[in-house]
Amino acid sequence: MSDSDGSATEAVSAVGVLTGVARSPTSRRAFIKGVIASGAAVPAAGFIMRGHGVTTAFAQTSGAVERLVTLNVNGRDRRVDVLPQETLSHTLRYKLGLTGTKLGCDHVEGLQGPNGELHKVQAAFVEELGPQCGFCTVGQVMSAVALLKANPKPSVDEARLAMSGNLCRCGAYDHYLRGVMRAAGEV
């Protein structure tokens, strides 16, 4: 096929992969991985072959129109082009370069010290082995910082109550609680 039919060829290849996976004796996990891989392969191939930026490739494949918006982030107004289906985290991380935005196990932007060192709460959480999978880490850190700002010397029960709004999938509540109490001794 010609270059103009490249996306059709990519779609046919993806369908072939899915058909092959579906017909072979395989696990549910392997099937799902195949679906995910083929779904990512089609847009990725168009991106690689055309050499456009992520935004342009995304807009071309979906037919979406970009929109210029102003976001106030960390006290600064920032103008950015976004796609209608784009998430805020994608915009913050990949268009504005604010990599502290939580997508997985990452860090909290804006809490670091003047030389880039961890905030006392973050350091205490690390010492107490609080962060596990990262799902709740940002919420735990922000709750602890807010608590210690309002009450620099909380009791264990006050800290437990302040942290109770965070769901931890790993069950590391006691680690986070000990981290709050450690930070209270250092803040």
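We did not get these values from a lab; they are worked out from the coordinates using the rules stated. These numbers come from a predicted model, not from an experiment. Reconstructed Cβ throughout: ideal geometry from the backbone, glycine too, with neighbour counts over all protein chains shown.
Structure notes:
- Rule-of-thumb Rg ratio for the range 62-101 [Cα; 2.2 N^0.38 Å; N residues]: 1.15
- The charge dipole of the range 120-186, taken about its Cα centre with unit charges on the Cβ of Lys, Arg, Asp and Glu (plus for the first two, minus for the last two), comes to roughly 100 debye.
- Taking the inverse of the mean 1/r over every pair of distinct Cα atoms in the range 133-187 gives a Kirkwood hydrodynamic radius of 11.0 Å.
- Fewest-first ranking of Ser143, Ser164, using other Cβ atoms within 10 Å as the exposure measure: Ser164, Ser143
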